[in-house]
Amino acid sequence: MNQARFAPPEPLLQLAGIDRFKLFVTLTFDSLLALAIDQVRTGDRALELKYSPKNAQDLPGPLEELHQPVVYHLFGKLSSQPDFVITEEDMLEFLHHMQSRSVAAAEHLFDALRDNHLLFIGCAFPDWLSRFLLRIAKSRQLSLRRTEGELLVGSLTNRDSDLVVFLRHFSKRTKIASCSPAEFVAELAARYTSRAAALEAARVKPSGGAAIGSSDAGDVANASMSPGAVFISYTHEDQAAANRLRDFLEEEAGIDVWLDTRRLEAGDDWGQKIRRDIKGCSYFMPLISAAATRRHEGYFRREWSLAVERAMDIADSVPFIIPVAIDDTVESTDGVPERFLKAQWARLPDGAGSEDFRRRMVALVRDYRRRTHE
């Protein structure tokens, strides 16, 4: 391995470039992730630590006090001694030791895993092992109430259906993103880079010497809107359904959602921001209901008009407006813009998402990103 001199693959370089990540827990015995960090982060060298039944190394201190990135080899690190996982029996011994470890063994590490959000990328383990790793990481019963959550990223197969059912019933803070880990990392890195650049631009004064005002700051925020972002438009009577749909799109489909929760305070500046966001969003999602159609006036109608105006510049074959009926309102109901009738409606009672809708939205977002990169 030392003589092979493998170069870190692109996904590891992209992951290493997200400098907000301070603790990486790798389940492999190689040093490619540490090499990626050393290559990408200027002035930052990764500290490599390892767990083994014979010697469970710990973090230098609590996570918030780390002064350099740490790569922790949970299943051991390559060495001349057979102190790392190769076979399934090795893995069983490591897991047994973790489960029965003393409190002092790697205390800071397991505190960090227990008390923080966790992102699992490409951990293609059997169902039972995935459950066991989650249980060890959280150090308590998974069904107990907790504020931190976990995201499992990987290409799920039919054999993973039992794991999905288990997590849905007993670990509701754990979400699954069924996609290629490499694609996920590429998208995560792109969004992080874009937002970091936008925040930096907002802190820098223009060459004329004037500080950026509220209007310019809004433009920066709009410029950082991620490809595939959805704008949900609703009347205030339907806010509960809008919140439910937003949570579904963000947590189950991994889609960025813009939802106006300040409607009752809307002023001229806020109105300008909404115009910019409708112009900058990838998809406009009006919630159709009896409450909406019977109201002949309302701020949401301005949003609908702005979306229709923008749709006039978009080819009919390219979807932009995605009406969602949250009750039994039919397409022919008075008060629904004619342009909405040309779109494919979704029916989600009370804003509750469905698996078919999730798949449709994931496909639309992927199609949008593919079009914009061509």
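The values are calculated or read from the model by the stated rules, or taken from the named source; none is laboratory data. Note that this is a predicted model, so its numbers are computed, not measured. Using ideal geometry, Cβ is built from the backbone for each residue, glycine included, and neighbour counts are taken over all protein chains shown. All accessible areas refer to the heavy atoms of the entire protein, side chains included, with ligands and DNA or RNA removed. Shrake-Rupley method; radii C 1.70, N 1.55, O 1.52, S 1.80 Å.
Solvent-accessible area assigned to carbon and sulfur over the chain amounts to 51 percent, based on a 1.4 Å probe. Between the Cα long axis of helix 181-203 and the first principal axis of the chain there is an angle of about 70°, rounded to the nearest 10. The figure for LYS175 is an accessible area of roughly 50 square angstrom, using a 1.4 Å probe on the protein chains alone. Here the spin labels are modelled as points 7 Å beyond Cα on the Cα-Cβ line, and at MET91 and ARG41 they lie 2.8 nm apart. Here are some values of Cα extents along the principal axes in Å: (i) 66, 58, 38; (ii) 54, 53, 44; (iii) 75, 56, 38. Which one was computed from this structure? Only one listed value fits the structure, namely (iii).
Shape class for region 1-120, computed from the alpha carbon gyration tensor (a ≥ b ≥ c): oblate, with a/c not under 1.5 and a/b at or below b/c.
Computed from Cα atoms, the angle from the helix 355-373 axis to the main principal axis of the chain rounds to 90 degrees. Using alpha carbons only, how many degrees (0 to 90, rounded to 10) separate the axis of helix 88-100 from the longest principal axis of the chain? For 88-100 against the chain, the angle is about 80 degrees. In loop segments of region 310-374 as defined by DSSP, the trypsin sites (Lys or Arg not before Pro) with at most 16 further C-beta atoms inside 10 Å of their C-beta are LYS342. Return the whole-Å distance between the Cα centroid of region 5-29 and the Cα centroid of region 136-200. Cα centroid of region 5-29 versus Cα centroid of region 136-200: 17 Å apart.
Considering only protein heavy atoms, with the full assembly of protein chains and a 1.4 angstrom probe, order SER289, SER332, SER79 by accessible area, largest first.
Result of the area sort, largest leading: SER332, SER79, SER289.
Heavy-atom accessible surface of the chain, averaged per residue, reaches 55 Å², computed with a 1.4 Å probe. Put MET91, MET98, MET312 in order of accessible area, highest first, and with a 1.4 Å probe you get MET312, MET91, MET98.
Listed by chain and number, the aspartates and glutamates whose C-alpha is less than 20 Å from the C-alpha of LYS77, apart from same-chain residues fewer than 8 away, are ASP30, ASP38, GLU48, ASP58, GLU88, GLU89, ASP90, GLU93, GLU107. Bridging of LYS172 to lysines at a Cα separation below 21 Å is possible for LYS138, once same-chain residues fewer than 8 apart are set aside.
The stretch between LEU27 and LEU129, if pulled fully straight at 0.36 nm per residue, gains 35.5 nm over its current Cα-Cα span.
What is the chain's relative contact order, in percent, from Cα pairs under 8 angstrom and six or more apart in sequence?
For the chain, the relative contact order is 11 percent.
Largest first, the residues ASP328, ASP238, ASP350 sort by 1.4 Å accessible area into ASP328, ASP350, ASP238. The overall shape of region 5-59, judged from the alpha-carbon gyration tensor, is prolate: a/c is not under 1.5, and a/b is greater than b/c. Its Cα gyration tensor gives region 265-342 an equivalent ellipsoid, and the semi-axes of that ellipsoid, as √(5λ) in whole Å with the largest first, are 20, 18, 10.
Shape of region 236-374 from its Cα gyration tensor (a ≥ b ≥ c, root eigenvalues): rounded if a/c is under 1.5, otherwise prolate when a/b > b/c, or oblate? Rounded is the answer for region 236-374, as its axis ratio a/c remains below 1.5. Within the full protein context, the accessible area of THR193 is estimated at about 90 Å² for a probe radius of 1.4 Å.
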